[in-house]
Amino acid sequence: MDLAQKLEILADSAKYDVACTSSGVDRPGRHGSLGSCAAAGICHAFTPDGRCVSLLKVLYSNACAYDCSYCVNRRSNDRPRASFTPRELAELTIGFYRRNYIEGLFLSSAVLGSPDRTMELMIEALRILRQEYRFNGYIHAKTIPGADPLLVERLGLLADRLSVNIELPSEGSLRELAPDKKKSAILRPMGQIAVQSAASRRDLAVYKRAPAFAPAGQSTQMIIGATPESDRHILNLTEALYKKYALKRVFFSAYLPVVADRRLPALTTRPPLLREHRLYQADWLLRYYHFSAGELLSEAEPNLDPYLDPKCTWAVRHPEFFPVEVNTAPREELLRVPGIGPKSALRIVQARRMQRLGLPELKRIGVVLKRAQYFITCSGHAPARGTRAEIAGALLDPGAFGVGVQQLSLDDFAPKPLPAAAPAVHELAAQGVAPAQAAQLVREEALTCLVKRM
Ligand code: SF4
């Protein structure tokens, strides 16, 4: 098998990994648009200094010794297999880099024989890149759970970012769907990376030439929708991972049915993209808005609302917290107002040192007044008094009722619910209701429910 064939197989096998920012999307180029989002091959990630870099995204090997039931690369699946040699992978990366196709590498692998052997081969490929070719670009490498801690250490000294995929949100699901994997084998390298990364940062603060261990930190990925865990369970786990292992990101991956298995959703099931989006919004609230998982979801309401973003949901459930006075409230309180984000909260705090703020100033600052106006006062005055239906209408997320136009042939344009529209819209459309009407019906029902809750 030549290198081009191996690349085709191993880049295609890597496309289900979403632990870098642009993965998992398959959007062809469009007339009048610049660029395309290919199904596999090159993805993008953000470096610690905020630059967006393009990465060659491949598996070292897709010949897996494990049999995780949700994975296309599992042992029992009949598909073409390939593995690089360390030198092939290093030369391929350098060739792409020299041709200016990529700025770095995102390297993962199936378990080739054993975790230790796989890690040794990955480490050798990165060693050739770093030491022989003196490649200084960004490298994100996946750690194989169960590998020896010494190998994790060697990998961390070669890569900028490490990640260990937690895969499924609970130990029970892991046992059921990925019997070769153990929760302890996943969490142990996470703990090791957290400790060694913190020690490396301390050393670097003292000695400029101290070796850097995973300077861009670590991340993980969790599959959403393959197993029955609630959003509350997933968010609690996410919060615990951030706290305990100082993760930079937890990536959520809507389960894409690629395998027929009685333990998994049917092959016709739509990937839960709206749920994935809500989880990312909630994750944002944990990381930048000082919310805790316990505030967002409870035992009585364990799942995120498909029609409202999680911050609006919290605001609707906590009328006692509002209105917030923009001229005096601390930044933490401003951050709870729908329509005020971290940047606008900071700008409000800075601007009100100079002057009293009213609606025109808030608009200039970047506050989304369509939502915020119902939750604030400016010098004691409420800027808007809407009916409950008006307020509910301003809060509903239009993305949940999205309908787009799909071109089926050269002159045939057919509307259909957008992939991230609410499942109820897709269900009605599948029953033959016109997509725009389905979206309208679901929106009206969501509005009525929301008005009753307010
Ligand atoms: S270890 Fe499991 S998830 Fe990873 S490639 Fe092998 S079968 Fe797939």
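Side notes on the structure shown:
- Residue pairs whose Cβ atoms lie under 6 Å apart, sitting 6 or more positions apart in sequence or on different chains, and linking a residue in region 66-82 that is surrounded by 15 or more Cβ atoms within 10 Å (Cβ to Cβ) to a partner that is outside any loop (DSSP other than H, G, I, E, B), are 69/177; 70/177; 73/13; 82/6; 82/9; 82/10.
Quick grid of which residues meet (1) over 30 Å from residue 77 (Cβ atoms); (2) touching a strand residue (DSSP E or B) at 6+ places or on another chain (Cβ under 7 Å); (3) charged (D, E, K, R); (4) not assigned by TED's automatic domain parsing to the domain that holds residue 215:
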site	(1), (2), (3), (4)
241	no, yes, no, no
278	yes, no, yes, no
281	yes, no, no, no
287	yes, no, yes, no
338	yes, no, no, yes
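- Leading residue by the ranking (surrounded by the fewest Cβ atoms within 10 Å (Cβ to Cβ)) among those in region 54-63 that are at pLDDT 90 or above and of a type in the set (Ser, Thr, Tyr): 61
- Qualifying residue in region 353-365 (condition: within 28 Å of residue 222 (Cα to Cα) and touching a helix residue (DSSP H, G or I) at 6+ places or on another chain (Cβ under 8 Å)): no
- The requirement of being within 12 Å of the ligand (Cβ to nearest atom) and more than 26 Å from the chain's Cα centre (by Cα) is satisfied by residue 114.
- Screening residue 204 against (1) part of a helix (DSSP H, G or I); (2) surrounded by 14 or more Cβ atoms within 10 Å (Cβ to Cβ); (3) in contact (Cβ under 8 Å) with a residue 40 or more places away in the chain; (4) of a type outside the set (Phe, Trp, Tyr) leaves a single unmet condition, (3).
- Looking only at region 64-117, and only at residues there that are part of a loop (DSSP other than H, G, I, E, B) and among the aliphatic types (A, V, I, L, M), the one that is modelled with the lowest pLDDT: 102
- So residue 197, is it surrounded by fewer than 15 Cβ atoms within 10 Å (Cβ to Cβ) and not acidic (Asp, Glu): no
- Of all residues in region 122-147 being of a type in the set (A, V, I, L, M, F, W, C) and within 16 Å of the ligand (Cβ to nearest atom), the one that is farthest from residue 58 (Cα to Cα): 147
- Only helices (runs of 4 or more DSSP H) whose full extent lies in region 224-320 are considered here, and the ones with at least 1 residues that are within 19 Å of the chain's Cα centre (by Cα) and exposed (fewer than 15 other Cβ atoms within 10 Å of the Cβ) are 231-245, 273-288.
- Hey, residue 97 buried (at least 17 other Cβ atoms within 10 Å of the Cβ), more than 15 Å from the ligand (Cβ to nearest atom) and assigned by TED's automatic domain parsing to the domain that holds residue 185 or not: yes
- Search result, residues across region 223-237 that are touching a helix residue (DSSP H, G or I) at 6+ places or on another chain (Cβ under 6 Å) and under 15 Å from residue 278 (Cα atoms): 224, 235, 236
- Qualifying positions in region 216-234 - acidic (Asp, Glu) and closer than 15 Å to residue 171 by Cβ: 229
The values are calculated or read from the model by the stated rules, or taken from the named source; none is laboratory data. Predicted, not measured: the structure shown is a model, and the values here were computed from it. Neighbour counts are summed over all protein chains in view; Cβ atoms, including those assigned to glycine, are modelled from backbone coordinates with ideal geometry.
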